[in-house]
1. Quick one: B:THR4 ticks every box in (1) part of a strand (DSSP E or B); (2) touching a Ser or Thr at 6+ places or on another chain (Cβ under 8 Å) except a single one, so which number is it?
2. Would you mind finding the one in A:GLY437, A:GLY383, A:GLY426, A:GLY401 that is at pLDDT 95 or above, out of contact with any helix residue (DSSP H, G or I) (no Cβ under 9 Å at 6 or more places or on another chain) and either small (Gly, Ala, Ser) or more than 27 Å from A:VAL170 (Cα to Cα) (or both)?
3. Checking B:VAL5 against (1) out of contact with any Gly (no Cβ under 8 Å at 6 or more places or on another chain); (2) at negative phi; (3) free of Cβ contacts under 8 Å to residues at least 40 places away in the same chain, which test does it fail?
4. Kindly indicate which of A:GLY158, A:GLY106, A:GLY114 is modelled with pLDDT of 95 or more and under 25 Å from A:ALA281 (Cβ atoms).
5. Please work out which residue is farthest from the chain's Cα centre (by Cα), limiting yourself to the range A:268-293 and to residues that are more than 12 Å from every other protein chain (Cβ to nearest Cβ) and part of a helix (DSSP H, G or I).
6. Within the range A:344-365, work out how many residues are crowded, with 22+ Cβ neighbours inside 10 Å and in a helix (DSSP H, G or I).
7. Looking only at the range A:484-520, which residues are in contact with a Phe, Trp or Tyr (Cβ under 9 Å, 6 or more places away or on another chain) and either within 14 Å of another protein chain (Cβ to nearest Cβ) or not in a helix (DSSP H, G or I) (or both)?
8. Every residue in the range A:416-452 that is aromatic (Phe, Trp, Tyr) and more than 8 Å from chain B (Cβ to nearest Cβ), please.
Amino acid sequence: MKGWTGHILRVNLTNKSFKKESFSEEFAKTWIGGRGFAVKILYDELKPGIDPLGPENKLVVALGPISGIPAPNTGKAVVAAKSPLTGFYGDGNLGTRISEQLRKAGYDAMIVEGKAERPTMLYIEDDKVEFLSADEVWGQGTYATNDWIYKKYGRGVGVLNIGQGGENLVRYAVIRSLEGRSGGRPGMGAVMGSKLLKAIVVKGTQPLPSADPKAMKELGLGDLKKVGAMDKKTGWSIQGTTGILAWCNEVAALPVRNFRKTSHGDAWNIDGERVNAARVATYGCPTCTMRCGITIHDKEGRESELDYENVGLLGSNLEIFELAQVASLNYLCDDYGLDTMSAGCVLSFYADAIERGAAAGDFKFGDAARAKELLRMAALREGKLGNLLADGSLRMAREFGHGSEAYAMQVKGLEVAAYNCKFIPGQALAFGVSPIGAHHREAWIIAFEIKHTTRESYGPEKAAKVIELQRIRGGMFETLVGCRFPWIELGWPLDNYPKYFNAATGLDWTLDDMYKAGDRIYALIKLHYLREFPAATRKDDYPPAVWFDPSNADAEGPIAGRCLEADKYDKLLQHYYDQRGFDERGIPTKELLNKLGLSKEAAAAEKYAKLSERAGQPQAAK
Amino acid sequence: MKVTVKLIGPLVYAAGFSEKKVRLPASASAKELLSRIGLKKNRPTIVTRSGKSLAPADALKDGDRVVIAPIYSGG
């Protein structure tokens, strides 16, 4: 087996033990790496119903066969566990030197089990694993923790760490790395915190596994340069991801006022032009030539690394249009280790609930000073309000009552990314059927909907586009593991990725082979969901109810008077299920599972809920 | 007639402006507008008016606001 190290590191924090385990070539070829490894490991090893914040949960850090190699944008890692936010499989990726260092240490993945007695930092160097005290930095933010680690080990090591949000089990706490990288939106940072695991540091000294290291290097380095040249030619990284804010504002897709509005006359104050003009530094992931981490000074003079999602959700969505204040909120989220997207949606939902009279409080849209206090309260779980905010918008809505769930901007518990789908049916579907909750990573089709079909359409072409992108974005890129940006933003040809994979492994795979593995992974995530929620229905794949509410339609602008239509959305959802081979609950059928080689996994799922034999034959839950 | 052109993202730097009014002959098309502002075609774009896509041959109207953006892919 070439291209993989063939080993997984298993660490138990309870008894401070570790083990180097081998995996088979069949496992590697079936699951590829990254998300594929994580989904399979957690399906086999986690018992449904466990407390995601208990010692029974496991954190998986997983890499793929191109992780860390010198090729375009391979400096990423996948982090996964049972999510404390959504209650089933959750994951995310982040830029980190772990991508290279863990593979150089001899592992394609690591599994962290149990719970430490005291705050702990794991230090891994090849076959050595040390369980070190993190008492000194427990209670500190991610920036101070990162600095503390760099002082000890230098800047070349791979680092994953958490802030106070993870320590205090905020359900949307993330894992952090480098200057501004975050990953694991569905509370992966809280899973680390529940284990009293403050940080993981990795140093590897062996060569990266590769079928033909010389050819791989020539191919990868040459392509890195080409991608860098494409970026310069197009100018993409001048504004990076923040460029899209002005466009969303123009086409009525911007989140404003808890997604109640789709554009705002003051949005230009926080758009990509303003972000670029305020730039003081630029950061990026390892092996990246299109660095997107545009950094500006926040209101307090600190460096804050921005992207579109955090400007959209901590800015326009809260009606805060002073860029330095938005940067402050972003800095606080990053330092506390909170997901900026969920945090923005939680705060906007709270302001909305107060306005509707569903909740008591003094927070109003536009109040940056109070927003800062609320982020602190959430991160430290201060008082009843801090605890409420720390649990995410779905749990808050259930606490508030008065029909509040309709205004909680989430799907399956995970808050919506910064695209307002009040009248964008295909992207609403993409959020609805994203396997881990409303993440934009899996599929994003707004430009397709506007340019290649119509906004009004609920036709099968939109379901097909969502599936096509899920296979590429949520499937191939999350398993190899690499960043999708060269392809999606610059048009770097997709067929380069099987080339990297084949050069690394010596295999002869095509894109279709990658997509099949992606389908297998999506099917298994759905089985994770079914095991945890045996009464699952298609309603679980609906976006927030407020998008269907005609009284919430825009009063003016491009989509005045329009909103999603429930009966049409349901037909679009059925197109998706039909094309995927899912039953009417949105669960893969036995026929599909067998075709994907998942008959054993299907049998395991049937201990908890019945599966349909084939599409069109839904089965009631047990 | 006069239309307002709004450029998005890197197109701002390529064309040297973010937003401006452009004078055009009556019923000029979207394609004519694009050639008038001298935007180099170094990447595909999406041209919209009132949130809907404009084809190159579509006629413009006085007072239109035309938005020209790279084809973003949502990060």
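1. Just one mismatch for B:THR4, condition (2).
2. The conditions single out A:GLY401.
3. If we test B:VAL5 against (1) out of contact with any Gly (no Cβ under 8 Å at 6 or more places or on another chain); (2) at negative phi; (3) free of Cβ contacts under 8 Å to residues at least 40 places away in the same chain, just (3) comes out false.
4. Checking each option against the conditions leaves just A:GLY158.
5. A:ASN269
6. Final tally of qualifying residues: 10.
7. A:ARG484, A:PHE485, A:PRO486, A:TRP487, A:ILE488, A:GLU489, A:LEU490, A:TRP492, A:PRO493, A:LEU494, A:LEU507, A:TRP509
8. The answer is A:PHE423, A:PHE431, A:PHE448.
The values are calculated or read from the model by the stated rules, or taken from the named source; none is laboratory data. What you are looking at is a predicted structure, and each value in this text was computed from that prediction instead of being measured. Positions of Cβ are backbone-derived with ideal geometry, glycine not excepted, and every protein chain shown enters the neighbour counts.
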